[in-house]
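Below is one structure, written out as structure tokens; the observations come after it.
The values are calculated or read from the model by the stated rules, or taken from the named source; none is laboratory data. Note that the coordinates shown come from a computational prediction; the quantities given were computed from them, not determined experimentally. No Cβ is skipped: glycine too gets one built from the backbone with ideal geometry, and neighbour counts run over all protein chains shown. The accessibility values were calculated without ligands, DNA or RNA, using every heavy atom of the protein model including side chains. Shrake-Rupley method; radii C 1.70, N 1.55, O 1.52, S 1.80 Å.
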Amino acid sequence: MSTETSTERLDWTGRQFQVEIGAVAHGGHCVARHEGRVVFVRHALPGELAVVEVTEDHGGSFCRAEAVQVLRPSPDRVEPSCPLARPGGCGGCDWQHASAEAQRRFKAEVVAEQLRRIAGLELPVQVEALPVGDEPGALLRWRTRVRLAVDRRGRPGFRKYRSHEVVPVTDCPISVAGAVEQVLGRRWPRGSELSVVADATGQFHVTELPRHGRARPVSGGEVVEHAAGRRWRLSPAVFWQVHRAAADVLAGVVREWADAPTGGVAWDLYGGVGLFAAVLAEQVGPDGSVLVVECSSQSTATGAVNLADLPQVRIRPGHVEKVLTHPDLADERPDVVVLDPPRKGAGRRVVDAVAGRGPTRVVHVACDPAALARDVSLFLRHGYRLAGLRAFDAFPMTHHVECVALLTR
């Protein structure tokens with residue numbers, strides 16, 4: 001094969017061709033094959049016949065593409081709610097062109113496939129819808145926290161898929177009504193980002209995040225949220241679930257599955273502001289103990305204020321893998337451990353440290369099914385079993401899914 005032919009074969013960027021669309025893959029795309037290579041296709045659905053255009057190709061066995069013409073549509077296809085949910089548009093939503101039932105089915109298939117491939121577990125998975133107000137399973141107006149980028153002309157918008165290019169917007173249908181409007185009508189410093197938070201009281205909080213320097217509050221003040229039977233007073237910068245219903249639903253699952261004994265010891269690792277710690281503190285009571293470990297100093301400070309009425313809660317700032325090896329925790333044996341790690345998962349060091357303490361139950365909250373499957377696989381090697389799994393559509397219109405796993409000895 002000549003050098004010219006080889007180079008052409010390994011860089012298909014801009015090339016269009018017709019493919020049969022295969023199964024959904026983790027990441028918000030479907031798998032197709034063309035001339036011996038895998039093509040990850042966005043804006044397509046399984047079973048469709050489509051013309052795709054390659055948008056990214058670094059050579060090797062696969063490339064990325066978008067469906068620019070659907071020749072044989074799937075019965076699951078619907079008209080997107082947002083005009084920017086299209087090839088070349090906003091990269092935020094993956095499944096606006098799929099029905100609600102199909103979206104949840106795709107996510108369930110991905111979770112099941114990751115557990116099968118990585119952890120060797122075969123089990124049925126059902127993704128449960130979350131309510132938006134009085135509407136169960138709504139796909140729109142669920143997102144209470146929005147991060148926008150600013151383009152070269154000072155206009156706010158969202159980035160294209162796998163790109164730094166900003167697409168200006170006037171609304172975002174999955175976000176709380178009025179959220180994007182809070183930053184329209186003025187020019188912002190180019191290269192900066194904007195955070196908009198809508199709290200439980202209906203108040204908006206806007207923060208400018210410059211490329212260099214400190215975050216600058218623009219409007220709003222203290223964020224108020226309600227979850228786990230408590231009122232939370234937060235800074236707009238600390239982590240909180242973006243779906244209106246997610247925090248309370250997840251706290252309810254933790255309450256059911258943790259089942260911490262009265263007077264017992266519970267750990268809340270990657271504890272944030274202490275949402276799950278509040279649940280655990282109720283269960284162990286005033287004679288028990290709850291340890292919260294969180295690396296964000298702002299979150300731990302916020303947690304200390306919100307949980308000041310629960311003296312059984314101890315808050316330790318620091319990275320989980322380091323705190324768990326500290327000598328003053330060497331003899332502590334928790335009855336139950338709740339893990340809510342970042343997207344990459346807890347990892348081997350943390351799983352080994354937790355399993356080595358022998359808790360009866362581990363409740364693992366995860367926003368990435370592949371990372372969850374890796375952590376579950378590690379726990380299985382320590383003699384734990386997956387005793388329960390629930391998955392929630394906490395990010396409708398996107399490929400993301402929130403899972404809670406119960407591991408028991």
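Projecting the Cα atoms of L310, T325, P342 onto the charge dipole of the stretch 303-343 (Cβ charges, centred on the Cα centre) puts P342 farthest toward the positive pole. Only Lys, Arg, Asp and Glu carry charge here, each on its Cβ (+1 for the first two, -1 for the last two); on that basis the stretch 259-409 has a dipole of about 600 debye about its Cα centre.
Coupling constants for the stretch 57-73 follow from the phi torsions by the Karplus curve (6.51 cos²θ - 1.76 cosθ + 1.60, θ = phi - 60°), and in residue order they are 8, 9, x, x, 8, 9, 8, 10, 8, 10, 6, 9, 8, 9, 8, 9, x Hz; glycine and proline get x.
Compared with the direct C-alpha span, the chain from L10 to V305 gains 100.6 nm at full extension, assuming 0.36 nm per residue. The label-point distance for L49 and R116, in a model that sets each label 7 Å from Cα toward Cβ, rounds to 2.7 nm. Within the same chain, aspartates and glutamates fewer than 8 places from K107 are excluded, and of the rest, those with a Cα less than 16 Å from its Cα are D76, D94, E122, E128, D368, D393, E402.
Counted residue by residue at 0.36 nm each, then reduced by the alpha carbon distance between them, the extension gain from L123 to D248 reaches 42.4 nm. Converting phi to 3J(HN,Hα) with the Karplus coefficients 6.51, -1.76 and 1.60 and the offset θ = phi - 60°, the stretch 139-149 yields 8, 10, 6, 9, 8, 9, 10, 10, 10, 10, 9 Hz in sequence order, with x at every glycine or proline.
The amide H of R15, built 1.01 Å from its N in the peptide plane, has V54 as neighbours under 5 Å, considering only residues 5 or more places off or on other chains.
Across S195, S299, S74, mean-square fluctuation computed from a Gaussian network of the chain (C-alpha pairs under 10 Å connected) peaks at S74. For the chain, no complete DSSP H run has alpha carbons reaching 30 Å or more along its own long axis together with a mean Kyte-Doolittle score of 0.5 or higher. DSSP beta bridges fully contained in the stretch 23-126 are about 75 percent antiparallel. Average accessible surface for the chain: 45 Å² per residue, computed with a 1.4 Å probe over protein heavy atoms with every protein chain in place.
Rounded to the nearest percent, how much of the accessible area of the chain (1.4 Å probe, protein heavy atoms only) is carbon and sulfur? Carbon and sulfur: 49 percent of the exposed surface of the chain.
Dipole check for the stretch 189-232: with +1 at the C-beta of Lys and Arg, -1 at the C-beta of Asp and Glu, and the Cα centre as origin, the magnitude is about 160 Debye. Here the stretch 359-409 and the stretch 94-149 have alpha carbon centers that stand 15 Å from each other.
Of all trypsin sites (Lys or Arg not before Pro) in the stretch 170-240, which ones are in loop regions per DSSP and have a Cβ with at most 13 other Cβ atoms within 10 Å? Those that pass, being in a loop and sparsely packed, are R186, R187, R211, R214. For the stretch 1-152, a simple Cβ point-charge model (Lys and Arg +1, Asp and Glu -1, everything else neutral) yields a dipole of about 320 debye relative to the Cα centre. Projecting the Cα atoms of T170, I118, G358 onto the charge dipole of the chain, computed from C-beta unit charges around the Cα centre, puts T170 farthest toward the positive end. Under a Gaussian network description of the chain, with springs only between Cα atoms under 10 Å, the residue in D248, D331, D268 that fluctuates furthest is D331.
Using only the Cα atoms of the stretch 234-294, build the gyration tensor, take square roots of its eigenvalues as a ≥ b ≥ c, and label the shape rounded, prolate or oblate: rounded if a/c is under 1.5, else prolate if a/b is larger than b/c, else oblate. Here the stretch 234-294 falls in the oblate category. Its Cα gyration tensor gives the stretch 1-132 an equivalent ellipsoid, and the semi-axes of that ellipsoid, as √(5λ) in whole Å with the largest first, are 28, 19, 12. The L184 and R214 beta-carbon pair, evaluated with R₀ = 30 Å, returns a calculated FRET efficiency of approximately 0.80. Taking L121, L130, L139 in turn, the Gaussian network model of the chain (Cα-Cα springs below 10 Å) assigns the largest fluctuation to L121. Using a cutoff of 8 angstrom between alpha carbon atoms and counting only pairs six or more residues apart, the relative contact order for the chain works out to 12 percent. Taking 20 °C and 1.002 mPa s as conditions, the stretch 164-232 diffuses translationally at an estimated 158 µm²/s according to Stokes-Einstein applied to its Kirkwood radius (Cα pairs). Annotation: extensible slack from E165 through R153 equals 3.1 nm (criterion: 0.36 nm per residue apart, minus Cα-Cα distance). Straight-line cross-link reach from K322 at under 23 Å between alpha-carbon atoms covers these lysines, not counting any fewer than eight positions away in the same chain: K344. The DSSP beta bridges internal to the chain are antiparallel in roughly 70% of cases.
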